[in-house]
Amino acid sequence: MKILIDIGHPAHVHYFRNAIRLLQEKGHQVAITARDKEVTFNLLKAYNLPYVSRGKGGRGLVGKMLYLLKGNAAIARVARSFRPDLFLSFGSPYAAQVSKLFGKPHIAFDDTEHARFEHLMYLPFTDTVVTPNGFRKDLGAKQIRYQGYIELCHLAPTCFQPDERVLEEMGLTRQDRFVILRFISWGASHDVGQHGLSRNQKIDLVERLSRHARVFISSEGALPPELEGHRIRVAPEKLHHLLAFASLYIGEGSTTASECALLGVPNILVNSLLAPDTCPGVHLELKQYGLQELFVTFDGVTEKAVEILSGPARTDWQERRQRMLSENIDVTAFMAWLVGNYPASLKELKENPARQNRFLLTANPV
């Protein structure tokens with residue numbers, strides 16, 4: 001089978017890279033198109049994944065609509081020469097729309113309930129939408145669910161073991177306490193109307209945390225000059241290794257917070273979408289496991305951070321992580337099976353959703 005995968009965000013590289021390896025080992029051919037966003041291309045090169053660029057995204061509604069045409073054209077050119085049997089993405093309108101032009105199925109993974117614009121743009125052209133069990137939105141007959149989290153694609157123990165050599169690169173040891181902060185740009189379509197920490201809040205947070213630990217910052221945009229010295233200087237493919245040894249993570253974006261939760265790293269997610277009526281189901285589940293602290297506003301964040309840093313080591317978080325892992329599946333193995341055997345796999349899963357239990361992480365103990 002020939003599979004065309006569209007990647008629109010650095011996180012998507014991690015979601016698909018291990019499944020690509022499994023699919024290729026089974027004899028499937030894979031082509032990749034990718035948006036020029038942040039470190040996406042760096043990651044693809046680091047993992048030796050050839051790709052075709054579909055350019056940078058557009059800003060504002062008009063810019064995004066113009067880019068939709070440009071992105072579709074770029075993917076269509078690849079599809080015309082590659083002749084895929086199936087398109088795969090994480091909620092990509094571009095892959096979905098081009099798949100329909102070529103009369104081929106599109107499988108979309110998704111875990112973002114509030115991505116209404118993306119749903120409007122890709123759902124009508126998509127054949128199957130794959131979401132976690134905790135996903136709170138009903139997307140209709142096209143939707144199937146799995147027991148897990150998309151970040152398990154690259155952080156399950158079956159495919160990730162932290163490498164402490166990254167600590168030496170950062171001038172750290174295993175005994176050092178350090179905090180990683182993550183600030184996002186709030187430029188995605190599903191971020192419209194939302195907001196993050198103010199300049200003063202960021203400065204105050206860093207000043208107060210620096211009394212308890214070293215502070216590193218990952219930021220999609222510019223930082224206040226007084227915080228620039230805290231910016232992380234590490235290769236993007238090594239970031240998860242650094243996260244795995246952190247004493248605490250605080251961030252505005254959901255992806256890295258969830259990654260920390262799945263690693264058993266204490267983490268605080270600060271996001272205006274975390275109100276009870278809009279909070280994504282994935283974060284509600286991780287909170288129930290005791291693997292995530294959720295804040296709608298900045299109020300109380302610093303106090304909770306200091307409480308965590310002043311408390312015992314991460315043993316409790318690691319124990320809760322083990323419970324979470326025992327109840328979820330190896331999402332990479334599930335993805336490779338679903339895609340590589342589609343549509344027979346879809347039919348089997350709809351007839352017997354428990355079929356996915358063969359991929360439980362307890363079936364592959366570490």
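Annotations
- Residues of the stretch 72-100 classified as in contact (Cβ under 8 Å) with a residue 24 or more places away in the chain and either outside any helix (DSSP H, G or I) or exposed (fewer than 14 other Cβ atoms within 10 Å of the Cβ) (or both), total: 10
- Some residue of the stretch 255-268 being more than 19 Å from Thr302 (Cα to Cα), part of a helix (DSSP H, G or I) and free of Cβ contacts under 8 Å to residues at least 40 places away in the same chain: no
- Residue match in the stretch 157-166 (condition: in a strand (DSSP E or B) and modelled with pLDDT of 95 or more): no
- Cβ-Cβ contacts under 8 Å between residues 6 or more apart (or on different chains), taken from a first residue in the stretch 50-71 that is in a helix (DSSP H, G or I) to a second residue that is modelled with pLDDT of 95 or more and among the aliphatic types (A, V, I, L, M), are listed as Leu68/Met121.
- Of all residues in the stretch 316-359 being assigned to a loop (DSSP other than H, G, I, E, B) and among the polar types (S, T, N, Q), the one that is nearest to the chain's Cα centre (by Cα): Asn328
- Breaking point among (1) in contact with a helix residue (DSSP H, G or I) (Cβ under 6 Å, 6 or more places away or on another chain); (2) more than 24 Å from Gly340 (Cβ to Cβ); (3) among the aromatic types (Phe, Trp, Tyr), for Tyr67: (1)
- Total residues in the stretch 277-304, condition aromatic (Phe, Trp, Tyr), more than 19 Å from Glu327 (Cβ to Cβ) and free of Cβ contacts under 8 Å to residues at least 40 places away in the same chain: 1
- Candidate set: the stretch 310-359, residues that are free of Cβ contacts under 8 Å to residues at least 40 places away in the same chain and among the aliphatic types (A, V, I, L, M); chosen: the one farthest from Gln147 (Cα to Cα): Ala313
- Against the test of being outside any helix (DSSP H, G or I) and either surrounded by fewer than 22 Cβ atoms within 10 Å (Cβ to Cβ) or not assigned by TED's automatic domain parsing to the domain that holds Ile184 (or both), the options Ile250, Ile217 yield a single qualifying residue, Ile217.
- Flag: Ala108 matches the condition of being closer than 22 Å to Ala74 by Cβ, outside any helix (DSSP H, G or I) and either touching a Phe, Trp or Tyr at 6+ places or on another chain (Cβ under 6 Å) or among the hydrophobic types (A, V, I, L, M, F, W, C) (or both).
- Residues (of a type outside the set (Gly, Ala, Ser) and within 15 Å of Gln29 (Cβ to Cβ)) located in the stretch 59-85: Val78, Phe82, Arg83, Pro84, Asp85
The values are calculated or read from the model by the stated rules, or taken from the named source; none is laboratory data. Every value quoted in this text rests on a predicted model; they were computed, and no experiment measured them. Cβ coordinates were reconstructed from backbone atoms using ideal geometry, including for glycine residues, and neighbour counts include every protein chain displayed.
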